[in-house]
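The values are calculated or read from the model by the stated rules, or taken from the named source; none is laboratory data. The structure displayed is predicted, hence computed values, not measured ones. In this analysis, Cβ positions are derived from the backbone assuming ideal geometry, glycine residues included, and neighbour counts consider all displayed protein chains.
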Amino acid sequence: MRSSPAATIGALCWVAAAPLFLTANVVVGLAWDDPAFSWANNNISDLGNVTCGVWDTTRPRYVCSPWHDTMNAAFVLTAALLIAGLVLTWRMWGQGKAVRWGRWLMAFGAAGLGLAGAFPADTNENMHLLGALFVFVCGNAGLLAAGCARNGTLPARLRPATLTLGVLGTAGSVLFIAQQGVGLGLGGMERVAVFPLQIWACYAGCLLYRTARRNRFRENRSTGEASSKR
């Protein structure tokens, strides 16, 4: 698997996406005062709500996120990094229906994060829910599709992790939509649904970047050996 400079940049975009989003979740959550932010009880979307007050009639909770702009920017930037990684690594994926479906579904899943950040839940709930649906359904379905790719493709090299994360994310989505926290709380279950795509991208990005570094090292060594023989 030869990696182009563009693909290497795409890999780095993927590597950066998950840490960025996780850091934003932690830092923006720490900015909450009264009540404190709870990963078990609060949704990720609560971090991006622009107003303070009681939110959600089915599960009422007081939401007040002082750094909501930071969280919404993180949503959008994470989406941009994931999509940039997909575009720049496009030719590295290989061929086949599973690869095509996987890429496009992951792209919609990533775009859903951008929609969720561009339209906070308390300003445009319909668009925000559409973005969340893309993340839950498309992102995790993309992982499952990619996990079925034929041998010789990029997803096939990551098959165990890809399928595991796809199953985990799908199960988390179903349970979250069914309002079942299963010991994690609904906030925790939502993270089980949302994080797998970003974790996969970080893992795949590390693999691609390591491969590019190895290939570059071999090329430089071959060039040096050829020069020494002259």
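So here's what we get for this one:
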| quantity | calculated |
| --- | --- |
| Residue list for segment 124-179, restricted to those being assigned to a helix (DSSP H, G or I), in contact (Cβ under 8 Å) with a residue 60 or more places away in the chain and closer than 25 Å to residue 43 by Cα | 128, 132, 135 |
| Residue among 6, 24, 11 that is modelled with pLDDT of 90 or more and closer than 22 Å to residue 104 by Cα | 11 |
| Near pairs, Cβ below 7 angstrom, 6+ apart or cross-chain, from segment 193-211 (under 15 Å from residue 155 (Cβ atoms)) to any residue that is hydroxyl-bearing (Ser, Thr, Tyr) | 200/162; 208/3; 208/89; 211/3 |
| Residue count, segment 54-82 (criterion: in contact with a Phe, Trp or Tyr (Cβ under 8 Å, 6 or more places away or on another chain) and touching a residue at least 60 places away in the same chain (Cβ under 8 Å)) | 4 |
| Residues (in a loop (DSSP other than H, G, I, E, B) and within 14 Å of residue 71 (Cβ to Cβ)) located in segment 40-50 | 42, 43, 49, 50 |
| Residue within segment 89-99 that is β-branched (Val, Ile, Thr) and touching a residue at least 60 places away in the same chain (Cβ under 8 Å) present | yes |
| Any hit, segment 157-174, residues being touching a Ser or Thr at 6+ places or on another chain (Cβ under 7 Å) and closer than 19 Å to residue 200 by Cβ | no |
| Those residues of segment 93-113 which are out of contact with any helix residue (DSSP H, G or I) (no Cβ under 7 Å at 6 or more places or on another chain) and on the phi > 0 side of the Ramachandran plot, in sequence order | 96 |
| Pairs, first closer than 11 Å to residue 25 by Cβ in segment 38-49, second of a type in the set (A, V, I, L, M, F, W, C) and part of a helix (DSSP H, G or I), C-beta under 6 Å, six or more apart | 47/28; 47/71; 48/71 |
| Selection status of residue 182, in contact with a helix residue (DSSP H, G or I) (Cβ under 8 Å, 6 or more places away or on another chain) and farther than 21 Å from residue 22 by Cα | yes |
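So that you can scan it fast, the table gives a plain yes or no per residue for (1) touching a strand residue (DSSP E or B) at 6+ places or on another chain (Cβ under 9 Å); (2) surrounded by 14 or more Cβ atoms within 10 Å (Cβ to Cβ); (3) at pLDDT 95 or above; (4) not in a strand (DSSP E or B):
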position	(1), (2), (3), (4)
16	no, yes, yes, yes
34	yes, no, no, yes
59	no, no, no, yes
71	no, yes, yes, yes
